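The next block holds one structure in the form of C-alpha cells; read it before the comments.
The values are calculated or read from the model by the stated rules, or taken from the named source; none is laboratory data. For clarity, every value in this text was computed on a predicted model and none was experimentally measured. We place every Cβ from the backbone using ideal geometry, glycine too, and count neighbours over all the protein chains shown.
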Amino acid sequence: MADNALNRNSYLTQNLGSFPADTEFFGTKYVKVNDLRYGTNPHQPAAYYKPVNAVDSVIGDMKVLKNGKSGLSQTNLEDISYSLNIVKYFDRPACACMKHVNPCGAAIQAGDESLKAVYIKARDCDPRAAFGSVIAFNVTVDEETAREIMSTFVECVVAPGFTPEALAVFNDPEVKIDKQVRILQCGDLAKLPKYVGDDVSGSYTFKALADGTVVVSEPLLTHLKSVADLKPACGENKACGRVESTVKATEQQLLDILAAWYINISVRSNGVVIVKNGGTLCVGTGEQDRVGAVEQAVEKFKQKYEGKEDIHGAVMASDGFFPFPDAVEVAAAAGVTAIISPAGSIKDADVVKRANELGVALFHAPERVFSHH
C-alpha cells in the first residue's frame, strides 16, 4: 500500500511543468501568473494565467502580502473571484465570506456600522461554514477588523488595501489562532464589469467539459443598477386575469432586495438569498427545485441563526422564476415579506395573486441569474 501511495509534492513538482509559461486561447494570449498549490483537490496539478495585455489585473496582479504556509489553490482563487464578484457591487463597505464557491454569508454596512461589525454580520450568518473560508472586502481593512478575523480560522483575506496596523496584526507571531492566513491585495474593483452594457473585454468565462470541449460566454451581469430599477411584479392569465403586486416594501427592504439580488449572482443555482438590514440571514444553494432552495435556506436559518436575528420583515431573492406559488408560501410562512425573482412562469399571475394575499411585496427582475459554476 505504501509503495503505491501518491507523494503529492513530487507528483505536483513533476506535473506542474506541463503547464506552459504562455498560451493563446480564443484570440487572446495568456501568460502564466503562477503554479498553484493544487487544483480543486490535492492530486490535481494546476496553474493560473492572465491575459498578457491586462494592466493591473484585479486578480491576476494581486499582491501577496502574506503567503501563509503555502501558496494558493484553485479553490482559493475561485472563492476569491466569487467573493470579489459580490462586494464589487456596493459603494458602502461590504464583506463576503466564500466557502466552496458559494457565499456562506455577506453583509453591507447599515447606518454607521464599523467594518468589524460588517465582517461579523457576514461571518455569523453561518459561522460553522465560515470556518476556513475566503473573506473579501471592498474597502481597506483596519486593525480592529483584522483582530476579529484572526480570532477564527480563515484561508485567505482579500481587499483593495490594508492599514499598516492591520498588517501588523496578520503578521503578529503571538497570534495563536491563524498564523497561516494568506493576505492578498487585489486591484481596483471598479475595473470589474457589473451591469449589462459594461465593457466585458477580457472578462469572458470559460467552462471546460468532460471531453475537453470549452464553452465561452460573456460574464453574468445584471440590468439592475439601483432601487429605481425595481419594478412591482405583474402577470396575466385566463384564470386570474391581470394581477399586479400591491404590497409596498419599506425603504430598507428595497435596499436589501437589491443587495440580495447582487449576492445571488454568485450563488450556485437553484439559489435563494434571504437578507435583512444589509446582512444575509441564510443562503439556499445548489437545489434542483426552487421551493427546495427556499426550504433549505429557511432550515439553515432555524438551525444556525434563529435567536440571533428575527427573520420577520426579511427579503428574499430567487435567481429563477417561481413555477408555482409554493416557494412564496414557504418564504412568507418563515417571515419574509418582500421578494424579487424573474418573471417567466405561465403561473406568474397566480404567484403575484398569492403574494398579495400573504402580504408579500413581489418584484420582477429583468433577467434570471442562474450560476452553474
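With Gly313, Gly344 as the choices, which residue is in a loop (DSSP other than H, G, I, E, B), in contact (Cβ under 8 Å) with a residue 40 or more places away in the chain and over 17 Å from the mean Cα position of the chain (by Cα)? Full working, then the answer.
Details: Gly344 fails: in contact (Cβ under 8 Å) with a residue 40 or more places away in the chain.
After ruling out the rest, the residue left standing is Gly313.
If Asp199 satisfies all but one of (1) among the charged types (D, E, K, R); (2) in contact (Cβ under 8 Å) with a residue 12 or more places away in the chain; (3) not assigned by TED's automatic domain parsing to the domain that holds Ala106, what's the number of the condition it fails?
The one condition Asp199 does not meet is (2).
So which of Val33, Val52 ends up being under 29 Å from Asn138 (Cβ atoms), crowded, with 17+ Cβ neighbours inside 10 Å and touching a strand residue (DSSP E or B) at 6+ places or on another chain (Cβ under 8 Å)? Walk me through how you get there before you give the answer.
Working: Val52 fails: crowded, with 17+ Cβ neighbours inside 10 Å.
Testing whether each residue is under 29 Å from Asn138 (Cβ atoms), crowded, with 17+ Cβ neighbours inside 10 Å and touching a strand residue (DSSP E or B) at 6+ places or on another chain (Cβ under 8 Å) leaves just Val33.
Name the strands (runs of 3 or more DSSP E) wholly inside segment 225-281 in which the number of residues that are within 20 Å of Val291 (Cβ to Cβ) and either modelled with pLDDT of 95 or more or touching a His at 6+ places or on another chain (Cβ under 8 Å) (or both) is 3 or more.
Details: elements: 234-237, 241-244, 272-276.
The strands (runs of 3 or more DSSP E) meeting that bar are 272-276.
For segment 123-144, what are the residues that are over 20 Å from Leu77 (Cβ atoms) and either at pLDDT 95 or above or of a type in the set (A, V, I, L, M) (or both)?
Going residue by residue through segment 123-144, those that are over 20 Å from Leu77 (Cβ atoms) are 123-128, 139-140, 142-144.
Arg123, Val139, Thr140, Asp142, Glu143, Glu144 - these are the residues of segment 123-144 that are over 20 Å from Leu77 (Cβ atoms) and either at pLDDT 95 or above or of a type in the set (A, V, I, L, M) (or both).
Do any residues in segment 222-241 that are farther than 14 Å from Ala259 by Cα and assigned by TED's automatic domain parsing to the domain that holds Ser345 have Cβ atoms under 9 Å from those of residues that are in a strand (DSSP E or B) and of a type in the set (Asp, Glu), where the two are at least six apart or on different chains, and which pairs are they?
From segment 222-241, the pairs are Pro232/Glu244; Ala233/Glu244; Cys234/Glu244; Gly235/Glu244.
Can you name the number of the only condition in (1) without any contact (Cβ under 8 Å) to a residue 12 or more places away in the chain; (2) in contact with a strand residue (DSSP E or B) (Cβ under 7 Å, 6 or more places away or on another chain) that Gln303 fails?
(2)
Among the residues of segment 231-250, is any buried (at least 23 other Cβ atoms within 10 Å of the Cβ), of a type outside the set (Ser, Thr, Tyr) and out of contact with any helix residue (DSSP H, G or I) (no Cβ under 6 Å at 6 or more places or on another chain)? Walk me through it before giving the result.
Kept after step one, since they are buried (at least 23 other Cβ atoms within 10 Å of the Cβ), are these residues of segment 231-250: 233, 235, 245, 249.
From what is left, the residues that are of a type outside the set (Ser, Thr, Tyr) are 233, 235, 249.
Right, trim to out of contact with any helix residue (DSSP H, G or I) (no Cβ under 6 Å at 6 or more places or on another chain) and you get 249.
Yes, there is a match, as at least one residue in segment 231-250 is buried (at least 23 other Cβ atoms within 10 Å of the Cβ), of a type outside the set (Ser, Thr, Tyr) and out of contact with any helix residue (DSSP H, G or I) (no Cβ under 6 Å at 6 or more places or on another chain).
Residue check: is Val336 crowded, with 19+ Cβ neighbours inside 10 Å and not in a loop (DSSP other than H, G, I, E, B)? Spell out how you get there, then give the answer.
Numbers: crowded, with 19+ Cβ neighbours inside 10 Å: yes; not in a loop (DSSP other than H, G, I, E, B): no.
For Val336, the condition - crowded, with 19+ Cβ neighbours inside 10 Å and not in a loop (DSSP other than H, G, I, E, B) - is not met.
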